[in-house]
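The structure appears right after this line, and notes come after that.
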Ligand SMILES: [Zn+2]
């Protein structure tokens, strides 16, 4: 789209990064903190023309609606999140939101009114670092019954999500309240890749076909605590030594599959009583297992269970499933719309799956959805060093604009496909 203005776009992106900017680099703008609310107010202040309206729902998701010529039609939605990790980078989430802002302003400059209304959304608490779980806003939008579980969740300082949500409402008087969850014609989210695939391949844009599935487990190993100085090695029920053997065996088993798409991570280990001179009586550790194929996840889970059950010796073992999410397959018609818009930009591009979760994962449950990636320098994110070349960021805005305009034209009927 001709009217996409790179200078204005980069200026807005840099301005958004000032809310919660950390001296020396990075952005600290966790969900619904003062910095995030100030950033939301700034966003609202940028759009005051009569064809714009701001709304906020019961999960504090913020929507900027751009009226369509056929305004009763369901909207085409784009957006992302502006919350960050405790200290994150300037592009994760922010990119997709500012790309949508630039799209709207470019449409204004071009004097274009789409047939379908457009909505730019800022999802609440995608990162999940302040309130757990992540993607609260988009998951509550997809299934409003989830909100009841989220409202009592507290942050590290004891503040409830509900209080923070109410404060967000008060801080954003420009937004009219609206009910959670509404029909959406299509959702398209632009985001940084947060991995190395695009940069390594020399691609400027990525057409995202889906998000890999995940299963989380917690394994407990129970032994007997005893004095480190007096208990002979042969007489011990050492939970930490047993856990270490088990972790090593599971890790070797995962590596032996030589599957480049498989992810296996033991990221948390808790040792009780955690004393230098006491044999551990209890160890718990977690497994984060990911793959784009549900069948592989099931096979791996069976192998993990067998390995844990087969472990004998002085200790007891128990495995608990914490969370599972099947792979998300984005909508074929939206993917092809994105592919056509990407190809129109002339930017080198490829198709890829997403290794990380995104709000789009929940939207895919309720409407035709896809994503568009731009490269992450060295694959880095959740880090002040997060960066993307300006030319790639701008190419992404142009592709997003092309795809959203196509989706907002009713003649281009979407053949929705099940996920
Ligand atoms: Zn993100």
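The values are calculated or read from the model by the stated rules, or taken from the named source; none is laboratory data. From a predicted model like this one, the values you see are computed outputs, not experimental measurements. With ideal geometry, Cβ positions are generated from the backbone for all residues, glycine too; neighbour counts draw on all protein chains shown.
Where strands (runs of 3 or more DSSP E) fall wholly inside the stretch 210-277, the ranges with 2 or more residues that are under 17 Å from residue 310 (Cβ atoms) and in contact with a helix residue (DSSP H, G or I) (Cβ under 9 Å, 6 or more places away or on another chain) are 213-222.
Check whether at least one residue in the stretch 60-76 is assigned to a loop (DSSP other than H, G, I, E, B), at pLDDT 95 or above and within 26 Å of residue 149 (Cα to Cα), and report yes or no.
Going through the stretch 60-76, the residues assigned to a loop (DSSP other than H, G, I, E, B) turn out to be 60-61, 67-75.
Restricting the remaining residues to those that are at pLDDT 95 or above gives 60-61, 67-75.
The next check asks that each one be within 26 Å of residue 149 (Cα to Cα); those that pass are 60-61.
Among the residues of the stretch 60-76, at least one is assigned to a loop (DSSP other than H, G, I, E, B), at pLDDT 95 or above and within 26 Å of residue 149 (Cα to Cα), which makes the answer yes.
Of all residues in the stretch 247-262, those that are closer than 17 Å to residue 218 by Cα have Cβ atoms under 6 Å from Cβ atoms of residues that are assigned to a loop (DSSP other than H, G, I, E, B), 6 or more apart or on another chain, in 247/266.
If residue 102 satisfies all but one of (1) more than 10 Å from the ligand (Cβ to nearest atom); (2) touching a strand residue (DSSP E or B) at 6+ places or on another chain (Cβ under 8 Å); (3) in contact (Cβ under 8 Å) with a residue 60 or more places away in the chain; (4) in a helix (DSSP H, G or I), what's the number of the condition it fails? Of (1) more than 10 Å from the ligand (Cβ to nearest atom); (2) touching a strand residue (DSSP E or B) at 6+ places or on another chain (Cβ under 8 Å); (3) in contact (Cβ under 8 Å) with a residue 60 or more places away in the chain; (4) in a helix (DSSP H, G or I), only one is false for residue 102: (2).
Return yes or no: is residue 131 within 16 Å of the ligand (Cβ to nearest atom) and more than 21 Å from residue 373 (Cα to Cα)? When the stated conditions are applied, residue 131 passes them.
So, residue 92, is that one buried (at least 24 other Cβ atoms within 10 Å of the Cβ) and in contact with a helix residue (DSSP H, G or I) (Cβ under 9 Å, 6 or more places away or on another chain) or not? Considered against the rule, which asks whether it is buried (at least 24 other Cβ atoms within 10 Å of the Cβ) and in contact with a helix residue (DSSP H, G or I) (Cβ under 9 Å, 6 or more places away or on another chain), residue 92 comes out as no.
Within the stretch 175-203, the set of residues being farther than 13 Å from residue 142 by Cα and assigned to a loop (DSSP other than H, G, I, E, B) comprises 178, 185, 193, 194, 195, 196, 202, 203. Residues that are over 17 Å from the mean Cα position of the chain (by Cα) and over 21 Å from residue 195 (Cβ atoms) are absent from the stretch 370-391. When the stretch 134-170 is filtered for residues that are more than 16 Å from the ligand (Cβ to nearest atom) and part of a loop (DSSP other than H, G, I, E, B), the ones remaining, listed by number, are 143, 151, 152, 153, 155, 156, 157, 158, 159. Restricting attention to the stretch 385-409, the residues that are buried (at least 17 other Cβ atoms within 10 Å of the Cβ) and out of contact with any helix residue (DSSP H, G or I) (no Cβ under 7 Å at 6 or more places or on another chain) add up to 4.
Can you confirm whether the stretch 106-126 contains a residue that is part of a loop (DSSP other than H, G, I, E, B), on the phi < 0 side of the Ramachandran plot, within 16 Å of the ligand (Cβ to nearest atom) and within 19 Å of the chain's Cα centre (by Cα)? Working first, answer last.
Filtering the stretch 106-126 for residues part of a loop (DSSP other than H, G, I, E, B) gives 111-117, 124-126.
Next cut, on the phi < 0 side of the Ramachandran plot only: 112-117, 124, 126.
The next check asks that each one be within 16 Å of the ligand (Cβ to nearest atom); those that pass are 124, 126.
Now restrict to residues that are within 19 Å of the chain's Cα centre (by Cα): 124, 126.
Scanning the stretch 106-126, I find at least one residue that is part of a loop (DSSP other than H, G, I, E, B), on the phi < 0 side of the Ramachandran plot, within 16 Å of the ligand (Cβ to nearest atom) and within 19 Å of the chain's Cα centre (by Cα), so the answer is yes.
Here 345, 328, 369 are screened, and the one residue that is within 16 Å of the ligand (Cβ to nearest atom), over 19 Å from residue 122 (Cβ atoms) and either touching a strand residue (DSSP E or B) at 6+ places or on another chain (Cβ under 9 Å) or touching a residue at least 60 places away in the same chain (Cβ under 8 Å) (or both) is 328.
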